[in-house]
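Chemist: Have a look at this one before I ask anything.
The values are calculated or read from the model by the stated rules, or taken from the named source; none is laboratory data. What you see is a predicted model, and the numbers here were worked out from it, not measured in a lab. Here Cβ is always computed from backbone atoms with ideal geometry, including for glycine, and neighbour counts include all displayed protein chains. Only protein heavy atoms, including side chains, enter the accessible area calculation; ligands, DNA and RNA are left aside. Shrake-Rupley method; radii C 1.70, N 1.55, O 1.52, S 1.80 Å.
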Amino acid sequence: GNNAGEASFTIIGTLPSGLTLNSDYSISVAPNTPKGDYNVEYKICENTNPTNCDSVISVITVTAGNLVANEDEIPSASASNASQTLGNIFTNDTKNGNPLVASDVNMNVTVADPKGYLTVSPDGSIVLAPNAPAGTYGLTYTICEKLNPANCSSNTVKVTVGLPAIDAVADAPTAINGNIGGTTVSLIANDKLNGNP
């Protein structure tokens, strides 16, 4: 072992993976070490009387990351005849107070949208299906640390789809000679639904 004043220090067995003994007899825990209680057993022996020894097990407690899934609320979406991405659930989620790195977690939808219009893609995209009727849609998702699969956080996604803006515009068709007859322009040509013809 090493000389530490009047005694020698020896690790018994091998250090758990991810743990390193430093020259000052402190223990470093490497990044991405799974959570758990790690036993470090060591022995100290008096230099003058080498058989005068004592051994002990120190427990190094490693915690999981502080994972927080935050609510995603989209208060005013408009239906469309195509599917739409309305945001990403990971944008406001955090780990250890920092923006979440999506590849650090597994994501599952744990309570699906009962109406079936709202989904979350594996990459976290919040997707509204085509032609969603006006109303509120919701689901619950859970993120779990890949390093510590039991370390999870859940929250909800809520999307409110408003009634489409429908605008019927009065037409002033050109007068038609009743003797001859004729056809007006399309009465809906200038009408709009969500700003589109």
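Chemist: How many residues, within region 30-60, are on the phi > 0 side of the Ramachandran plot and open to solvent by 50 Å² or more (accessible area, probe 1.4 Å)?
Modeler: 1
Chemist: Filtering region 124-146 down to residues that are at pLDDT 95 or above and in a loop (DSSP other than H, G, I, E, B), which residue is surrounded by the most Cβ atoms within 10 Å (Cβ to Cβ)?
Modeler: G124
Quick grid of which residues meet (1) of a type outside the set (S, T, N, Q); (2) closer than 26 Å to S153 by Cβ; (3) open to solvent by 80 Å² or more (accessible area, probe 1.4 Å):
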| position | (1), (2), (3) |
| --- | --- |
| P16 | yes, no, no |
| L19 | yes, no, no |
| D24 | yes, no, yes |
| S28 | no, no, no |
| V68 | yes, yes, no |
| A77 | yes, yes, no |
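Chemist: Restricting attention to region 157-164, does a residue exist that is under 15 Å from M107 (Cβ atoms) and either free of Cβ contacts under 8 Å to residues at least 40 places away in the same chain or surrounded by 10 or more Cβ atoms within 10 Å (Cβ to Cβ) (or both)? Give the derivation first.
Modeler: Filtering region 157-164 down to residues under 15 Å from M107 (Cβ atoms) leaves 157.
The next check asks that each one be either free of Cβ contacts under 8 Å to residues at least 40 places away in the same chain or surrounded by 10 or more Cβ atoms within 10 Å (Cβ to Cβ) (or both); those that pass are 157.
Within region 157-164 (the criterion being under 15 Å from M107 (Cβ atoms) and either free of Cβ contacts under 8 Å to residues at least 40 places away in the same chain or surrounded by 10 or more Cβ atoms within 10 Å (Cβ to Cβ) (or both)), the answer is yes, since at least one residue qualifies.
Chemist: Look at region 149-188 and say how many of its residues are among the aliphatic types (A, V, I, L, M) and touching a Leu at 6+ places or on another chain (Cβ under 6 Å).
Modeler: Residues of region 149-188 among the aliphatic types (A, V, I, L, M): 150, 157, 159, 161, 163, 165-166, 168-170, 172, 175-176, 180, 185, 187-188.
Subset that is touching a Leu at 6+ places or on another chain (Cβ under 6 Å): 157, 159, 166.
The qualifying residues number 3.
Chemist: Would you pick out the residues in region 1-14 that are assigned to a strand (DSSP E or B) and either modelled with pLDDT of 95 or more or open to solvent by 50 Å² or more (accessible area, probe 1.4 Å) (or both)? So that I can check it myself, show each step before the final result.
Modeler: Initial filter on region 1-14 (assigned to a strand (DSSP E or B)): 2-4, 7-11.
Matches in region 1-14: N2, N3, T10.
Chemist: Can you give me the number of residues within region 29-72 that are under 28 Å from A102 (Cα atoms) and either of a type in the set (D, E, K, R) or part of a loop (DSSP other than H, G, I, E, B) (or both)?
Modeler: So the answer is 15.
Chemist: Can I ask one more? Quick one: in region 111-123, which of the residues that are more than 10 Å from V159 (Cβ to Cβ) and among the hydroxyl-bearing types (S, T, Y) is most open to solvent (accessible area, probe 1.4 Å)?
Modeler: The extreme case among them is T119.
Chemist: For the condition among the small types (G, A, S) and within 30 Å of V62 (Cβ to Cβ), what is the one hit in S121, S186, S153?
Modeler: One residue alone meets the criteria, S153.
Chemist: Among the residues of region 129-142, is any closer than 30 Å to G36 by Cα and in contact (Cβ under 8 Å) with a residue 40 or more places away in the chain?
Modeler: Yes, because at least one residue in region 129-142 is closer than 30 Å to G36 by Cα and in contact (Cβ under 8 Å) with a residue 40 or more places away in the chain.
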